[in-house]
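Structure record follows, encoded as structure tokens.
Nothing in this text is a laboratory measurement; each read-out follows from the coordinates by a stated rule. Since the model is a prediction, treat every value here as computed from it, not as a measurement. Note that we place each Cβ from the backbone using ideal geometry, even for glycine, and neighbour counts take in every protein chain shown.
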């Protein structure tokens, strides 16, 4: 009888854990859990890569994962920035010169969409500052996407002229993060 009671307790405990961790709805079988785990791993792989789309076909089951940048065309992101530059540049001659000189300066662009962090942790010094030097391969910040922190490295060398990204704010793929004046 003790063996039967001991068997019921682990089963009851497992059922309790499943009830706490499973979303409401029909219970999933181990195959469903394995499939969901695979989807999570594939999404993380896609997020870390430069691919915009990942398609997997196994038997009669197919899955397509796309980054947000693959769904929304890039010109749609650039159009509001151009419109904002035109609005700010219409008032005075100096305002018109600033938007035309800004695109001429090389910039490091975000490789993926996520939340930008300019320092390794709150209260620590930022990776880069305006006026500071940056070299190619140097970490300039972190982008958090899908609960993963991705180090963003500069592909340019020079002096940081401007930091576009705001700490703790969303940045989109291919959005300028920092502008660099080559040395």
Check your understanding: Any idea how far apart residue 61 and residue 144 come out in nm if each label point goes 7 Å out from Cα toward Cβ?
Key -> 3.2 nm
Exercise for review: With a point put 7 Å past each Cα toward its Cβ, work out how far residue 181 is from residue 125 in nm, to one decimal.
Suggested key: 2.2 nm
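Assign one of three labels to the stretch 105-183, namely rounded, prolate or oblate, based on the Cα gyration tensor with a ≥ b ≥ c the square roots of its eigenvalues; rounded applies when a/c is under 1.5, prolate when it is not and a/b is larger than b/c, and oblate otherwise. Numbers along the way, then the final one.
Details: a/c = 1.85, a/b = 1.42, b/c = 1.30.
Here the stretch 105-183 falls in the prolate category.
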Study note, to complete from the structure: Each label sits 7 Å from Cα toward the beta-carbon; between residue 115 and residue 50 the label points are separated, in nm, by 2.8 nm
